[in-house]
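Undergrad: The structure under discussion is supplied below as structure tokens; questions concerning it will follow.
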Amino acid sequence: MNDNKNTSGPQLPFPDTAADISPGEYINDIPDYSDDITIETIIQKILTDDKQYDLSKIISAYKFAEQAHKGQKRSSGQDYIIHPLAVAFILLQLGMDTDTICASLLHDVVEDTPATLTDLKKRFGQDVAMLVDGVTKLSKIPTVSKAEQQAGNVRKILLAMSQDIRVMIIKLADRLHNMRTLKYRPVEKQRNTALETMNIYAPIAHRLGIRAIKEELEDLSFHYLDPYAYSEIESILETKKEEREQFIVTIKNRITQRFKNEEFSEPPTIEGRVKSIYSIYKKIFLSHKSIDEIYDKYAVRIIVTTVSECYNALGLIHDMFRPLPNRFKDYISTPKSNMYQSLHTTVLGSEGIPFEVQIRTWDMHETAEYGIAAHWKYKEGIVGKDKMEQRLAWVRQMIEAQQTSDDVEEIVRIIKTDLAPEDIVVMTPKGSSISLPMESTVLDFAYKIHTDVGHKTVGAKVDGKMVSLDYKLQTGQICEIITSKDPDKGPNRAWLGIVQTNEARSKIRSWFKKERREENIIEGKAQLEHEFKHYRINLPESAYETFLEDEFKRHNCSNLEDFYASIGYGGVLLSKIIPHLKDKYESLHKGQDTSSTPLIKPKAGSVRGSIILDKIDDIMVKFAQCCNPLPGDEIVGFITRGHGISVHTVNCSNYRSALLRNDPDEIGRWCEIQWSDNSDTQLQTSFEVTATDRVGLVFDISSVLNDARVPIVHSTSRVLKNGNAFFECTILVSGTEQVKNLFDRLRKIKGVISVDRSSSERK
């Protein structure tokens, strides 16, 4: 299977220069583990395994694959059959079932040979054909594609996981062998594949709990993304290899001697290890520490029979070695989101070297090493459907949450956030534990408890102290959410910029989508028109539907109002579509000078007929945007060079500055003008509303404007530092009298503190 895919970069800063390094400079020392894998190796592994396999079916699948791939070569020059054999062996090590092994041997035949799914179904059954079909679909991710295609392919990966997790386990084994043999690929392909592996496949392996695959994928990706750092850490570890091995042996012997005198149902198994190279790199980079300051680069694992023995062993370890403060984690009583369970403590040996001790039962160890694959390790298929449903619920949550976005960058961010290897565990006041990704805020915590709790949040206490809603939680803290009793209380749009988890963001968007459609339409239209003005996309409102038709259909909106609503609740990100719309606008208006065209054009003749000009006739007139004069304001005209008369208010800062400069030539170009008595022109003006922040404020303001039949050009809203809401809007009005009546109505809205024309227009 060719892994020529591309995706956005990981969170850690891998240098761009890595792509320029010769493949042989650092990469050739990675073994590909496949030279010695033959069908005989597979058979020997099956015969020596305790698990029952249908050997004849597996051999038949091999022969079919060997014949189908006959004559095909890999980039290394080896026969192609080496790859499916290596993938099958990895899956045998994970203890997967017969159908999964058969599917792994056949996983490329439909994609790369004339064989069809019908052929596989007839020979090997429905399950094998279904698994091959699932992996084949996952392979068709292009290296360069449109964002929507990439987003769809990432969703396809998650959807395959939710339907049959074996599809993803095969894909992980396939990716692992491709990473092991990546040195044979072109340098650019190496980097692209490594980036995608680090961003998507390693986090998925973590979430499925398959530690060995997750760590190897990370190390191999790191090897290609930053070979200099990889080589440096590897060199340091190699330099102190004997010292490290002796240290671990000494610690294991001391623990073994002490445990001999204690009562255990069976002698504990004690293992030692060094953290993976990428794990050490993350610790160094994120903590800004040297490798000598990494406390848990050494680890000792103690495996016992029962849970009570885990805690007994912990007490003995703390009696033997001095525990470091705040370095104890109980993942037995509070499992990680991938169901990982263990006791972790960091202690100081007599040599003054800190090391981590992990204590778990054999069942916990199986889950820790093989994750979800442990279900197939000693038994055929899945035992306990409800438990499996629980473990895969997060996949469906991610799929549902992503339906609101076609932005591949956001989806990759979701993958990296929701599948992050590190979680925090926060307690409720009643003692329940909530697992969240790192950097989660109290709002994320509230939405994790329950959707309604999140919607009605008005405050929070952490360890008894009031905190802001954007406060980032840490493991071990006790968080109490304060909610409103107001039945109409809902989330604030600003919360979308506060929450860190996709689950919370999706729930907020869903609320606005369902509960505030009219407000979303108004807000979305205002945002769009604001961006149009900023990017000088000068269209009459009547042309919006035709201009945007392709765009709202592409976002699955049936009409323009649905498109406005999607913008309003955050389902469509303007930052992503405006550049495309700007290009479209410019291509449609090629050759036209739009740099000074006003967004809203008055009807022909209306402006000229509404102003009495002294001693000047038949000249173009425009209204200055610096002060936006309205009928009823005192005005003055400025004779421009080649653009007619520009109309300003007498209190305009530009006019006042001209008077202060007292330049005879400039002063001579100002002329007296006045409004006619029968003016019917509608002109732009902007106003500002300051109010106490609350849900529904924008809707109430928009309702007043709608009732007054006042056209809205654009509007924006934000929360000020003092907590008040600030709303600014540009509208079309006939004069100052209409503005006065409108402001009187706006001031009656609940919570409104002030209403004024925008600062540049105040008289």
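Undergrad: Please note which helices (runs of 4 or more DSSP H) are completely contained in region 583-676 and include at least 1 residues that are more than 50 Å from the chain's Cα centre (by Cα) and modelled with pLDDT of 70 or more.
TA: 653-661, 664-667
Undergrad: Among the candidates 584, 525, 553, 513, which residue alone is in contact with a helix residue (DSSP H, G or I) (Cβ under 8 Å, 6 or more places away or on another chain), farther than 30 Å from residue 429 by Cα and open to solvent by 60 Å² or more (accessible area, probe 1.4 Å)?
TA: 513
Undergrad: Still on this structure, I have one more. Take residue 255 and tell me if it is of a type in the set (A, V, I, L, M), open to solvent by 30 Å² or more (accessible area, probe 1.4 Å) and part of a helix (DSSP H, G or I).
TA: no
Undergrad: Still on this structure, I have one more. Residue 706: open to solvent by 10 Å² or more (accessible area, probe 1.4 Å), assigned to a helix (DSSP H, G or I) and either modelled with pLDDT of 75 or more or in contact with a Gly (Cβ under 6 Å, 6 or more places away or on another chain) (or both), yes or no? It would help to see each step written out before you state the result.
TA: Details: open to solvent by 10 Å² or more (accessible area, probe 1.4 Å): yes; assigned to a helix (DSSP H, G or I): yes; either modelled with pLDDT of 75 or more or in contact with a Gly (Cβ under 6 Å, 6 or more places away or on another chain) (or both): yes.
Answer is yes for this residue.
Undergrad: Restricting to region 488-525, and then to whatever is without any contact (Cβ under 8 Å) to a residue 60 or more places away in the chain and over 22 Å from residue 557 (Cα atoms), can you tell me which residue is farthest from the chain's Cα centre (by Cα)?
TA: 495
Undergrad: Name the single residue, out of those in region 644-665 being over 11 Å from residue 626 (Cα atoms) and among the small types (Gly, Ala, Ser), that is surrounded by the fewest Cβ atoms within 10 Å (Cβ to Cβ).
TA: Within region 644-665, the match that is surrounded by the fewest Cβ atoms within 10 Å (Cβ to Cβ) is 657.
Undergrad: Output the number of residues of region 258-276 satisfying the condition of being surrounded by 14 or more Cβ atoms within 10 Å (Cβ to Cβ) and part of a loop (DSSP other than H, G, I, E, B).
TA: 4
Undergrad: Within region 425-440, work out how many residues are assigned to a strand (DSSP E or B) and polar (S, T, N, Q). Lay out the reasoning, then the answer.
TA: From region 425-440, those assigned to a strand (DSSP E or B) are 425-427, 433-437; that's our starting set.
Of the ones still in play, those that are also polar (S, T, N, Q) are 433, 435.
Going through region 425-440 one residue at a time, the tally reaches 2.
Undergrad: Quickly run through region 204-213 and pick out the residues that are under 15 Å from residue 165 (Cα atoms) and in a helix (DSSP H, G or I).
TA: 204, 205, 206, 207 - these are the residues of region 204-213 that are under 15 Å from residue 165 (Cα atoms) and in a helix (DSSP H, G or I).
Undergrad: Could you check region 184-199 and list, in sequence order, the residues that are in a helix (DSSP H, G or I) and basic (Lys, Arg)?
TA: 189, 191
Undergrad: If you don't mind, another one. Going residue by residue through region 491-505, is there one that turns out to be out of contact with any Cys (no Cβ under 9 Å at 6 or more places or on another chain), surrounded by fewer than 21 Cβ atoms within 10 Å (Cβ to Cβ) and at pLDDT below 80?
TA: The answer is no; no qualifying residue exists.
Undergrad: Tell me which residues, restricted to region 237-252, are of a type in the set (A, V, I, L, M, F, W, C) and surrounded by 14 or more Cβ atoms within 10 Å (Cβ to Cβ). Full working, then the answer.
TA: Of all residues in region 237-252, those of a type in the set (A, V, I, L, M, F, W, C) come to 237, 247-249, 251.
Passing the criteria: 237, 247, 248, 251.
Undergrad: Residue by residue through region 441-462, note down the ones that are more than 13 Å from residue 485 (Cβ to Cβ) and part of a helix (DSSP H, G or I).
TA: Residues satisfying the conditions are 442, 443, 444, 445, 446, 447, 448, 449, 451, 454.
Undergrad: Next question, about the same structure. List pairs: first residue in region 623-641 and farther than 27 Å from residue 664 by Cβ, second residue part of a strand (DSSP E or B) and among the aromatic types (Phe, Trp, Tyr) anywhere in the structure, Cβ distance under 8 angstrom, at least six positions apart or on different chains.
TA: Correct list of pairs: 631/675; 632/675.
Undergrad: Just to be sure, is residue 716 under 30 Å from residue 525 (Cβ atoms) and β-branched (Val, Ile, Thr)?
TA: Considered against the rule, which asks whether it is under 30 Å from residue 525 (Cβ atoms) and β-branched (Val, Ile, Thr), residue 716 comes out as yes.
Undergrad: Mind checking whether some residue in region 213-225 is modelled with pLDDT under 85 and not polar (S, T, N, Q)?
TA: Start the filter on region 213-225 by keeping residues that are modelled with pLDDT under 85, which leaves none.
Among the residues of region 213-225, not one is modelled with pLDDT under 85 and not polar (S, T, N, Q), which makes the answer no.
Undergrad: Would you check if residue 361 is modelled with pLDDT of 80 or more, among the polar types (S, T, N, Q), in contact with a Ser or Thr (Cβ under 9 Å, 6 or more places away or on another chain) and open to solvent by less than 20 Å² (accessible area, probe 1.4 Å)?
TA: So residue 361 passes the test.
Undergrad: Follow-up. So which helices (runs of 4 or more DSSP H) are wholly in region 463-567 and hold at least 1 residues that are of a type in the set (Ser, Thr, Tyr) and within 25 Å of residue 451 (Cβ to Cβ)?
TA: Values: elements: 502-515, 517-534, 544-554.
It comes to 502-515.
Undergrad: Hey, among the residues in region 113-134 that are of a type outside the set (Ser, Thr, Tyr) and either in a loop (DSSP other than H, G, I, E, B) or touching a residue at least 60 places away in the same chain (Cβ under 8 Å) (or both), which one's most open to solvent (accessible area, probe 1.4 Å)? Step through it out loud before you land on a result.
TA: Taking region 113-134 and keeping what is of a type outside the set (Ser, Thr, Tyr), we get 114-115, 117, 119-134.
In the following step, the residues that additionally are either in a loop (DSSP other than H, G, I, E, B) or touching a residue at least 60 places away in the same chain (Cβ under 8 Å) (or both) were identified as 114-115, 123-125, 128.
Numbers: 114: 123, 115: 16, 123: 159, 124: 11, 125: 25, 128: 0 Å².
Looking at residues that are of a type outside the set (Ser, Thr, Tyr) and either in a loop (DSSP other than H, G, I, E, B) or touching a residue at least 60 places away in the same chain (Cβ under 8 Å) (or both), I get 123.
Undergrad: While we're on this one: Hey, among the residues in region 699-715 that are of a type in the set (A, V, I, L, M) and within 12 Å of residue 745 (Cβ to Cβ), which one's farthest from the chain's Cα centre (by Cα)?
TA: If we filter region 699-715 for residues that are of a type in the set (A, V, I, L, M), which is where we start, we get 701, 704-705, 708, 710, 712-713.
If we keep only those that are within 12 Å of residue 745 (Cβ to Cβ) too, we end up with 701, 704-705, 708, 710.
On the way: 701: 33, 704: 38, 705: 37, 708: 42, 710: 39 Å.
Looking at residues that are of a type in the set (A, V, I, L, M) and within 12 Å of residue 745 (Cβ to Cβ), I get 708.
Undergrad: Shifting gears a bit: List pairs: first residue in region 243-264 and within 16 Å of residue 347 (Cα to Cα), second residue surrounded by 12 or more Cβ atoms within 10 Å (Cβ to Cβ) and among the aromatic types (Phe, Trp, Tyr) anywhere in the structure, Cβ distance under 7 angstrom, at least six positions apart or on different chains.
TA: Going by the 7 Å Cβ cut-off, the qualifying pairs are 247/298; 248/298; 251/355.
Undergrad: So for region 277-300 (the condition being over 30 Å from residue 203 (Cβ atoms), surrounded by 15 or more Cβ atoms within 10 Å (Cβ to Cβ), modelled with pLDDT of 75 or more and of a type in the set (A, V, I, L, M, F, W, C)), does at least one residue qualify? Before you say what the answer is, go through the steps one by one.
TA: First pass over region 277-300, keeping only residues over 30 Å from residue 203 (Cβ atoms): none.
No, there is no match, as no residue in region 277-300 is over 30 Å from residue 203 (Cβ atoms), surrounded by 15 or more Cβ atoms within 10 Å (Cβ to Cβ), modelled with pLDDT of 75 or more and of a type in the set (A, V, I, L, M, F, W, C).
Undergrad: Under the condition of being in contact with a Leu (Cβ under 7 Å, 6 or more places away or on another chain) and in a strand (DSSP E or B), which residue from region 709-726 is farthest from residue 537 (Cα to Cα)?
TA: Among those that are in contact with a Leu (Cβ under 7 Å, 6 or more places away or on another chain) and in a strand (DSSP E or B), it is 725.
Undergrad: If you check 475, 451, 483, 457, which single one turns out to be within 18 Å of residue 696 (Cβ to Cβ), open to solvent by 30 Å² or more (accessible area, probe 1.4 Å) and of a type in the set (S, T, N, Q)? I'd like the intermediate steps shown before the answer.
TA: Working: 475 fails: within 18 Å of residue 696 (Cβ to Cβ); 451 fails: within 18 Å of residue 696 (Cβ to Cβ); 457 fails: open to solvent by 30 Å² or more (accessible area, probe 1.4 Å).
Only one candidate qualifies: 483.
Undergrad: Somewhere in region 210-233, is a residue crowded, with 24+ Cβ neighbours inside 10 Å and either within 28 Å of residue 318 (Cα to Cα) or among the β-branched types (Val, Ile, Thr) (or both)?
TA: yes
The values are calculated or read from the model by the stated rules, or taken from the named source; none is laboratory data. Everything quoted here is computed from the prediction, not taken from an experiment. Counting neighbours? That spans all protein chains shown, and the Cβs are built from the backbone with ideal geometry, glycine included. Heads up: the accessible areas ignore ligands, DNA and RNA and are worked out on the full protein's heavy atoms, side chains in. Shrake-Rupley method; radii C 1.70, N 1.55, O 1.52, S 1.80 Å.
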